[in-house]
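These notes are about the structure you will find just below.
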Amino acid sequence: MGYTRISDANEITQEYIDSILVEARYIDSVIADTTVSFFGKHYAMPVMTPAFSHLGAYNGREKTGLEEYSLAAKECGILNFCGMMENDMFQKIIDTGADTVRIVKPYADHGKILDQMQFAEAAGAVAIGMDIDHIFGEKGADIVVGEEMAPQTSEMLQSYVELTKLPFVVKGVLSVTDALKCAKIGAKAIIVSHHHGRIPYAVPPLMVLPEIKEALGDSDVQIIVDCGIASGVDVFKALALGADAAAVGRSMLPSLEKDGTEGAAGFLRSVGNELRYMMSCCGFAAVTDIDDSVLYI
Ligand SMILES: Cc1cc2nc3c(=O)[nH]c(=O)nc-3n(C[C@H](O)[C@H](O)[C@H](O)COP(=O)(O)O)c2cc1C
């Protein structure tokens, strides 16, 4: 029988998440509180929306999927994210009233980076950031929807931190090396992610997370994780391994596509409810209490 190689990081990540088991601790446990603080603001749960882009209007509805899930984030009282888009689309997201983190692309056009960051700050973004894992393509720099990307140095990232009064978020950290650079340049949060499998054999974010957490020590960099997060148990495992929050991804799309804001809100609430259930069953009253002593890896 031939051996089939599995290089797809999404599949590897899913298998890793599913291989982690959890013990229960019922005695003396209470109904858990899922509230958290991020960037000095309070949110209902450590579950976040993904930094998505390019979602049109589904099923003939008026608003784009991006606006619909942003409204869902507001309804659920959670931190919202968005990705590659022009400023007019970002304004529409801000108009939903959701507290939103604007993730700007690593464009080769440096002026465009600065323009989008400055626009986001003026429009009322809660934080701004960049997905540093979307720079390279197989032929050199990647071209994303006709726009060329470019390598980003520590100095460039530091200049973005200094450009804005807002917290700066680096998305696409998948090593201790990059995490330490993010701390050094003054980033306030990182998203540990392989951007739904941009490199083959990418280490699952939850696997590298404990090393990153330890390396960051008592720095004030908050850690968000994404990739393959589809349930409250997945979020619970991420928190136990050192994350401060987790973002759902493509797992949200079927509910969003089918029922718009209500669908996405229902999905996000069910993730939060399952997280509360897991915390309660494992004896963690608050999000900051959760640790890896209940995990079997
Ligand atoms: C339709 C779509 C658009 C996306 N656009 C962006 C983007 O513009 N910027 C970004 O940082 N990530 C983007 N992502 C990646 C997500 O933010 C996230 O990292 C990824 O989907 C997580 O993996 P998962 O879907 O397996 O959970 C996009 C993902 C999808 C599916």
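Each reported figure results from applying straightforward, stated rules to the coordinates on display, with no laboratory input. Source: prediction; values computed, not measured. Cβ placement follows ideal geometry from the backbone for every residue including glycine, while neighbour counts extend to all protein chains displayed.
Below are the figures for this structure:
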{"item": "Counted residues, segment 38-56 - those being more than 16 Å from the ligand (Cβ to nearest atom), within 15 Å of the chain's Cα centre (by Cα) and either at positive phi or among the small types (Gly, Ala, Ser) (or both)", "result": "1"}
{"item": "Counted residues, segment 28-45 - those being surrounded by fewer than 15 Cβ atoms within 10 Å (Cβ to Cβ) and touching a residue at least 12 places away in the same chain (Cβ under 8 Å)", "result": "5"}
{"item": "Verdict on Phe168 being closer than 25 Å to Ile199 by Cα and surrounded by 20 or more Cβ atoms within 10 Å (Cβ to Cβ)", "result": "yes"}
{"item": "Scan of segment 68-84 for residues that are within 16 Å of the ligand (Cβ to nearest atom) and either in contact (Cβ under 8 Å) with a residue 40 or more places away in the chain or at positive phi (or both), ordered by number", "result": "Glu68, Tyr69, Ala72, Ala73, Ile78, Leu79, Phe81, Gly83, Met84"}
{"item": "Single residue of segment 238-274 satisfying the filter (within 20 Å of Lys171 (Cα to Cα) and more than 10 Å from the ligand (Cβ to nearest atom)) that is surrounded by the most Cβ atoms within 10 Å (Cβ to Cβ)", "result": "Ala238"}
{"item": "Selected residue (criterion: surrounded by the most Cβ atoms within 10 Å (Cβ to Cβ)) from residues of segment 1-26 that are in contact (Cβ under 8 Å) with a residue 12 or more places away in the chain and more than 16 Å from the ligand (Cβ to nearest atom)", "result": "Ile20"}
{"item": "Residue check, Asp109 farther than 20 Å from Lys41 by Cα and buried (at least 22 other Cβ atoms within 10 Å of the Cβ)", "result": "no"}
{"item": "Among the residues listed as Val192, Val176, the single one being surrounded by fewer than 16 Cβ atoms within 10 Å (Cβ to Cβ), farther than 10 Å from Ile132 by Cβ and touching a helix residue (DSSP H, G or I) at 6+ places or on another chain (Cβ under 6 Å)", "result": "Val176"}
{"item": "Cross-chain or 6+ apart pairs with Cβ under 6 Å, segment 132-153 first and on the phi < 0 side of the Ramachandran plot and small (Gly, Ala, Ser), then surrounded by 10 or more Cβ atoms within 10 Å (Cβ to Cβ) and part of a strand (DSSP E or B)", "result": "Ala141/Glu148; Ala141/Met149; Ala150/Ala141"}
{"item": "Residue in segment 153-166 that is within 12 Å of the ligand (Cβ to nearest atom), in a helix (DSSP H, G or I) and in contact with a Gly (Cβ under 9 Å, 6 or more places away or on another chain) present", "result": "no"}
{"item": "Near pairs, Cβ below 8 angstrom, 6+ apart or cross-chain, from segment 96-108 (in contact (Cβ under 8 Å) with a residue 24 or more places away in the chain and assigned to a loop (DSSP other than H, G, I, E, B)) to any residue that is away from the ligand (no atom under 16 Å from the Cβ) and aromatic (Phe, Trp, Tyr)", "result": "Asp99/Tyr43"}
{"item": "Members of segment 179-237 that are over 22 Å from Glu274 (Cβ atoms), away from the ligand (no atom under 12 Å from the Cβ) and small (Gly, Ala, Ser)", "result": "Ala179, Ala183, Gly186, Ala187, Ala189, Ala215, Gly217, Ser219"}
